[in-house]
Amino acid sequence: MLLFAAALYPEAAPLIDFLHLKKDPAFRAFDLFTSADAALIITGCGPANAAAGTACLLTARPPKSSDSFVNFGICGCCSRDTAIGTPYLACRITDAGDGRTYYPDLLYASPFAEAGITSFSKPVSNPAALPRLPESSAPDPGQPIAPSGRKQWAYGTLPYGTLPYGNLLFDMEAAACYQSARHFLMQHQMIFCKVVSDYGTSGRPAPGAVADLLKEPAASLTAWLSGLPAPDLSPDPFTESDHEAIRTASERLKLSEAMHAQLIRLMTYASLTGHSPAKLLAFFAAPEFTCTSKKEGKRYLEQLKYRLSGQADL
Amino acid sequence: MNSLNTVCPARQTFNPPFSRIYAEREALAHPRAAQVLSAFPASRVIVIDHYKDVFNRTHQSFYLQKQSQALILAVKKGTLIYPGAPFCQDFGNSHFYYTSSVMNCIYDCEYCYLQGMYPSGNLVLFLNLEDIFGEVRALLARHPVYLCVSYDTDLLALEGITGLVRDWIAFAGEHPDLTLEIRTKSAAFSRIADLAPLQNVILAWTLSPEAAARHEHRVPSPALRLQSALHALRAGWPVRLCFDPLLLLPDARNLYRTFIEEVFRTLPGDQILDIGIGPFRISTEYLKRIRRSRPACAILSYPFEVTDGSASYDRTAMHALMDEVCSLIAKYVNPDKIYRYEEDN
């Protein structure tokens with residue numbers, strides 16, 4: 001499942017179009033657009049809306065370990081050397097409010113450039129006046145560090161130290177989306193894709209222009225996301241009949257919660273070492289099998305453990 | 001045995017290892033930073049304030065990060081040398097210490113305790129080795145020191161990037177009262193083959209039979225490790241062999257018997273400094289975390305015995321395997337040189 005958060009409808013429009021999302025009329029707090037394998041929420045502008053919308057989306061669609069969350073939209077850029085319409089993935093997100101910086105994992109190879117982004121609570125009208133990072137204890141980041149002469153630490157076209165807050169980009173939502181989403185997702189599941197729409201001095205583009213500007217980046221983004229792996233980090237080691245056998249054995253052996261957990265651990269080991277939990281537990285499902293107490297059940301559990309730990313033939 | 005790798009995406013979908021280098025601003029000012037960065041001209045450097053801002057984040061997937069490991073350059077503060085942990089063998093040395101100039105390893109062993117110890121699969125390289133040297137000098141002023149420098153990492157495997165092994169060897173050359181153990185699963189002896197051997201620097205190879213090595217991802221094969229150990233031995237270095245952890249795999253006794261015969265067909269047993277043998281053991285807290293991270297790993301799903309916060313194989317079964325391994329090794333190596341880890345150490 002792909003889960004998107006965009007601040008405004010024009011930012012969401014290309015994604016809604018590409019992914020054939022339909023508005024969910026039953027969803028009241030925010031505008032939510034969904035399909036079988038994607039959901040998109042329009043949060044509204046600013047950090048409070050972004051955090052609330054993100055939390056609302058991730059509560060309504062609780063993410064699995066194979067899902068991805070994407071905050072998509074426009075951003076400002078501190079450098080006029082960067083073309084309008086350039087998409088970036090954020091590798092560094094600074095909240096201008098408290099100065100904290102966050103680092104989403106970027107594990108998967110992507111077609112996008114990467115940059116740092118600073119999130120403000122109100123629109124930036126004069127990026128030149130934004131505070132620079134204190135550099136007193138650091139080397140001059142404008143000077144090459146690597147012998148090759150490459151300015152490796154530069155984001156985009158400008159060296160880190162010359163950028164406000166060390167970041168090339170600025171917006172109003174990324175930091176809030178991150179802070180909200182991290183309660184629901186692993187670091188590698190959060191993606192922040194921002195497209196340069198202005199340099200902070202000329203105001204935001206008109207809604208129609210935003211949708212046009214984001215069309216191509218949205219197409220690249222959806223193409224990339226569709227090719228991303230969806231690793232299942234909690235694979236189920238059991239078949240349906242294994243599950244049934246475990247349930248039955250647990251009931252008939254009168255296992256406590258802790259003993260039931262122990263049985264699951266044992267059967268996980270059995271399954272991963274090529275044994276069939278359903279076959280191993282078939283004995284306990286037989287009509288003639290009786291177990292009269294939890295104490296007796298515990299003894300059977302110990303016998304299973306003894307057999308599975310390699311001390312007796314299975 | 002199965003492993004989580006069956007559900008892992010193909011490696012090529014990930015960014016290459018160390019394509020992201022997070023660097024503390026203070027670390028960038030360190031002279032060693034230039035040397036390390038020069039090994040990665042195509043990598044992106046992301047400036048950070050403190051390594052914990054990246055390494056200690058919540059909700060990291062140790063397992064997936066291992067597929068696209070980031071390098072974090074940092075300056076180590078606070079305690080730099082630690083007393084030897086009870087889970088580790090001292091090989092009869094008093095004043096046993098260890099230090100970690102690197103946190104984490106480039107290899108990906110399914111049973112590795114680091115997965116439970118660290119919140120992140122990324123690799124932290126502390127650049128200020130000179131501060132660690134200072135602390136070792138202070139200890140040496142009081143007594144001889146036995147120091148393991150490659151416990152929470154594999155320094156020799158990283159030698160091409162860090163050069164730390166060379167620096168440690170040079171330091172040990174100036175301090176005869178210091179005995180260093182450099183433990184590795186690498187086949188990278190060639191990285192230091194030009195150095196003159198020192199009798200107070202022990203190169204220790206962790207060896208595993210092929211069936212166990214299948215659970216050690218990206219690690220050189222047992223045969224390559226043996227060849228590397230052989231080269232070190234021929235060059236005159238003290239070489240230690242560690243059969244640790246012993247894994248109770250199916251048909252374990254036969255696996256280890258065949259493997260030990262292979263080991264001593266390659267290495268002259270009478271020239272080995274000593275041997276360490278230890279069962280798989282791990283803190284229950286670490287095991288809990290690793291099982292969450294690698295839920296489909298058969299080795300970790302084993303129904304371990306839990307005693308005093310430590311999980312290990314059934315004591316009787318493991319003792320039988322350790323007895324067997326000890327007696328097999330004793331055919332080739334003086335039994336006095338065999339150090340066996342006991343649970344009640």
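With respect to A:Leu301, is the statement that it is modelled with pLDDT of 90 or more and more than 9 Å from chain B (Cβ to nearest Cβ) true? Judged against the criteria, A:Leu301 is a match.
Can you confirm whether the range A:241-258 contains a residue that is within 14 Å of another protein chain (Cβ to nearest Cβ) and of a type in the set (Val, Ile, Thr)? The answer is no, given that none of the residues of the range A:241-258 is within 14 Å of another protein chain (Cβ to nearest Cβ) and of a type in the set (Val, Ile, Thr).
Okay, residues lined up against (1) surrounded by 14 or more Cβ atoms within 10 Å (Cβ to Cβ); (2) not aromatic (Phe, Trp, Tyr):
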site	(1), (2)
A:Ala209	yes, yes
A:Leu221	yes, yes
A:Trp224	yes, no
A:Pro231	yes, yes
A:Asp236	no, yes
A:Glu240	no, yes
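The helices (runs of 4 or more DSSP H) falling completely within the range B:88-198 that include 2 or more residues that are hydrophobic (A, V, I, L, M, F, W, C) and out of contact with any Cys (no Cβ under 9 Å at 6 or more places or on another chain) map to B:129-140, B:164-174. Set side by side, the residues B:Val75, B:Val145, B:Val102 differ, and just one is more than 14 Å from chain A (Cβ to nearest Cβ) and free of Cβ contacts under 8 Å to residues at least 60 places away in the same chain, which is B:Val145. Residues that are closer than 11 Å to B:Pro238 by Cα and touching a His at 6+ places or on another chain (Cβ under 9 Å) within the range B:198-225 comprise just one, B:Asn200.
Does at least one position in the range B:248-261 carry a residue that is assigned to a strand (DSSP E or B) and either within 22 Å of B:Ala211 (Cα to Cα) or at pLDDT 90 or above (or both)? Within the range B:248-261, not a single residue is assigned to a strand (DSSP E or B) and either within 22 Å of B:Ala211 (Cα to Cα) or at pLDDT 90 or above (or both).
Within the option set B:Val36, B:Val75, being at negative phi and buried (at least 21 other Cβ atoms within 10 Å of the Cβ) holds for one residue only, B:Val36.
What do you reckon, is B:Ala211 surrounded by fewer than 22 Cβ atoms within 10 Å (Cβ to Cβ) and either in a helix (DSSP H, G or I) or in contact with a helix residue (DSSP H, G or I) (Cβ under 7 Å, 6 or more places away or on another chain) (or both)? So B:Ala211 fits the description; yes. Within the range A:214-237, the residues that satisfy the criterion of being in contact with a Leu (Cβ under 8 Å, 6 or more places away or on another chain) and facing chain B (nearest Cβ under 9 Å) are A:Pro231, A:Leu233, A:Pro235, A:Pro237. Is it the case that the range A:38-50 has a residue that's surrounded by 24 or more Cβ atoms within 10 Å (Cβ to Cβ), farther than 30 Å from B:Glu24 by Cβ and polar (S, T, N, Q)? Yes, the range A:38-50 contains at least one residue that is surrounded by 24 or more Cβ atoms within 10 Å (Cβ to Cβ), farther than 30 Å from B:Glu24 by Cβ and polar (S, T, N, Q). Among all positions in the range A:27-48, there is at least one residue which is in the same structural domain as A:Pro131 (by TED's automatic domain parsing) and assigned to a helix (DSSP H, G or I). Among the residues of the range A:266-281, at least one is away from every other protein chain (no Cβ under 12 Å) and among the charged types (D, E, K, R).
Any idea which residue in the range A:70-83 is farthest from A:Gly227 (Cα to Cα), counting only those that are aliphatic (A, V, I, L, M) and at pLDDT 95 or above? Here the answer is A:Ile74. The residue that is farthest from the other protein chains (Cβ to nearest Cβ), among those in the range A:107-134 that are modelled with pLDDT under 90 and buried (at least 16 other Cβ atoms within 10 Å of the Cβ), is A:Val124. For the range A:57-91, a residue qualifies if it is among the small types (Gly, Ala, Ser), in a loop (DSSP other than H, G, I, E, B) and closer than 15 Å to A:Gly200 by Cβ, and exactly one does: A:Ser79. Of A:Glu244, A:Glu296, all but one fail to be part of a helix (DSSP H, G or I), charged (D, E, K, R), over 30 Å from A:Ser66 (Cα atoms) and not assigned by TED's automatic domain parsing to the domain that holds A:Thr82; the exception is A:Glu296.
Quick check, is A:Thr54 assigned to a helix (DSSP H, G or I), among the β-branched types (Val, Ile, Thr), modelled with pLDDT of 95 or more and touching a Ser or Thr at 6+ places or on another chain (Cβ under 9 Å)? Yes; evaluated as a whole, the condition is true for this residue.
Taken together, the criteria exclude A:Leu57 from residues that are over 17 Å from the mean Cα position of the chain (by Cα) and in contact (Cβ under 8 Å) with a residue 40 or more places away in the chain. Residues that are in a loop (DSSP other than H, G, I, E, B), surrounded by 21 or more Cβ atoms within 10 Å (Cβ to Cβ) and among the aromatic types (Phe, Trp, Tyr): does the range B:284-302 have at least one? Yes, that holds for at least one residue.
Looking only at residues in the range B:23-35 that are closer than 23 Å to B:Pro119 by Cβ and in a helix (DSSP H, G or I), the one that is nearest to the other protein chains (Cβ to nearest Cβ) is B:Arg25. Report yes if B:Val47 is at the interface with another protein chain (Cβ under 9 Å from one of its Cβ atoms), at pLDDT 95 or above, crowded, with 17+ Cβ neighbours inside 10 Å and not in a loop (DSSP other than H, G, I, E, B), otherwise no. So B:Val47 fails the test.
The values are calculated or read from the model by the stated rules, or taken from the named source; none is laboratory data. Computed from a prediction, not measured in an experiment: that's the story for all the values here. Ideal geometry is used to build each Cβ from the backbone, glycine not excepted, and the neighbour counts take in all protein chains shown.
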